[in-house]
Every structure is written in C-alpha cells, then in structure tokens.
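Undergrad: Provided herewith is a single structure, encoded as structure tokens, for subsequent inquiry.
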Amino acid sequence: MYDEIRAIQNRPPNYLPDRDPALEKMQATTELMRSELVRRVKLFQDPDYFRYLTGKWRLFSSPKGEKKGAYCNAFFSRDGVILTLAGPGGEYKGAGLIFMSADIPRPKTQEVVKVTLTQNNEPPVTVKAFNYSNPDHSFGSIAVAVPTMDALLTNMEDVQRFDLQIDGKSIAKIMWHSGLVAKAELRKCLNGEPYAVTQIDLIRK
C-alpha cells in the first residue's frame, strides 16, 4: 500500500488535470445554492413566516363599552395583503370589505373611486368604493360597502379568491382558507357570544 501511495505522489505533472475555471465557478455556485437552500428551509420552519405565506385569520369582538354584537371584525392577511370583514356598528347598519396593500393608492384625503372586484370564478363587478390612507401605515386602503353582514357571511366560502383592480390594474390579490370556520366565529360575535378562537391558521396544534 505504501509503494502505491508513493507511486501516485511521484507521477509526472502532466498527469494532473489543468485548472478548470468553469468547474470552479460551478462549484462556487453550487455551494451558494446549498447555503440559500439551508436558509430557506430554516425560514419555512419559522411559524410566523409560514403564517405570512399561507395566511391567517384574526378575529376581534366588540370593543369595551360598545353594545355586544357591534363592530365585530375579522382580518385575513396573506403575503402582504390584508382583507378585513367589517361588521355593523354605531349608526352604520351595513358591512364592508376593506382591502389593504402596498399597491393601493394612499391619497391625502378620502376619495371615491371605481374598482372592479372579482371573487373566485364569478363575473367581475365594478362598484364605487372609498380610497383612504392612514399616516401611520404604509398601505393604502379601499373599503367596499356590503348591504348587510348577513349578506357578507352568506356569500363566504371556505376557500375564496379576491382580485381588486383599478383601471385594469390589480392592486390587491388574496385568497383565504378556513372561511367557514371564520364565518361561524363571526356569527357568534354578532350574537353577542364569545369566540371559541381568535386566530385561525394552517399550523397544526
């Protein structure tokens, strides 16, 4: 074995391959990709990042001092877009869908704009909506009025896609999950009952 090792070590230089810049570049790229893959695996194991990508519901009951069943809200957020289901409260007896995203305009004062909303595979509907912004938030907001909270809840599906557009440009796209669970919880709030849960996501408990 010793003689074999010496024989290998003493081979003439022309036996060794020349440097291969392409191979070295590929090795460096592979190592970079491996490091990025490890980083992404760790990121996907982060529960907060998983919720950010797959979406989560947060439910809010009537504020302290308000009549039970008033101002029941549910927020669904996913991948940089927030959709709020806003219930009646005070003098307002209707409901609303409030979209928030970085692509929604942020006017200095509230404006009335025309928006086109598509839900799942239904035909798009063009309506007037309120466009406004909050100085403390980097997202713009658009509120679409719904006649009643019952109408809003009746049309809720377990998985539902929304595409909000202005002048043919998409400004908020979002798809929720667990819509039927959120719907049942909102009905509890509207009836003055406590929520069974206040957050709904896809992480197994």
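Undergrad: For segment 52-96, with only Lys/Arg (+1) and Asp/Glu (-1) charged at the beta-carbon, what is the dipole magnitude about the Cα centre, in debye rounded to 20?
TA: The dipole of segment 52-96 has a size of about 160 debye.
Undergrad: Would you please give the FRET efficiency between LYS42 and LEU180, computed as 1/(1 + (r/R0)^6) with r the Cβ-Cβ distance and R0 = 25 Å, to the nearest 0.05?
TA: Efficiency, rounded to the nearest 0.05: 0.15.
Undergrad: Give the residue list of GluC sites (Glu not before Pro) in segment 109-205 that are DSSP loop and have at most 13 other beta-carbon atoms within 10 angstrom.
TA: Of the GluC sites (Glu not before Pro), the ones in loops of segment 109-205 whose Cβ has at most 13 other Cβ atoms within 10 Å are GLU157.
Undergrad: Could you compute the FRET efficiency for ALA102 and THR154, with r as their C-beta to C-beta distance and R0 at 41 Å, rounded to 0.05?
TA: 0.85
Undergrad: Which part of segment 174-197 falls in the paramagnetic zone of LYS64, meaning amide N under 19 Å from the point 7 Å along Cα-to-beta-carbon?
TA: Counting backbone N atoms under 19 Å from the label point, the list is 193-195.
Undergrad: Moving to a separate point now. So for segment 100-159, what percent of the C-alpha to C-alpha distances run longer than 12 Å?
TA: 73 percent
Undergrad: Dividing the Cα radius of gyration by the Kirkwood radius, what Rg/Rh value follows for segment 82-193? Provide the component values of the computation, followed by the final result.
TA: On the way: Rg = 14.2 Å, Rh = 14.7 Å.
With Rg and the Kirkwood Rh in hand, the quotient comes to 0.96.
Undergrad: With equal scatterers on the alpha carbons only and no solvent term, can you work out the Debye log10 of I(q)/I(0) for segment 133-201 at 0.19 1/Å?
TA: -1.00
Undergrad: Further, regarding this structure: Can you give the translational diffusion coefficient of segment 128-168 in µm²/s, computed by Stokes-Einstein from the Kirkwood radius over Cα pairs at 4 °C and 1.567 mPa s?
TA: In µm²/s, the coefficient rounds to 102.
Undergrad: Any idea what the relative contact order of segment 53-205 is, in percent, if you count C-alpha pairs under 8 Å spaced at least 6 apart?
TA: 26 percent
Bear in mind that the values in this text are calculations on the coordinates, not laboratory data. Computed from a predicted structure; not experimentally measured. Methodologically, a virtual Cβ is constructed for each residue, glycine included, from the backbone with ideal geometry; neighbour enumeration extends over all protein chains shown.
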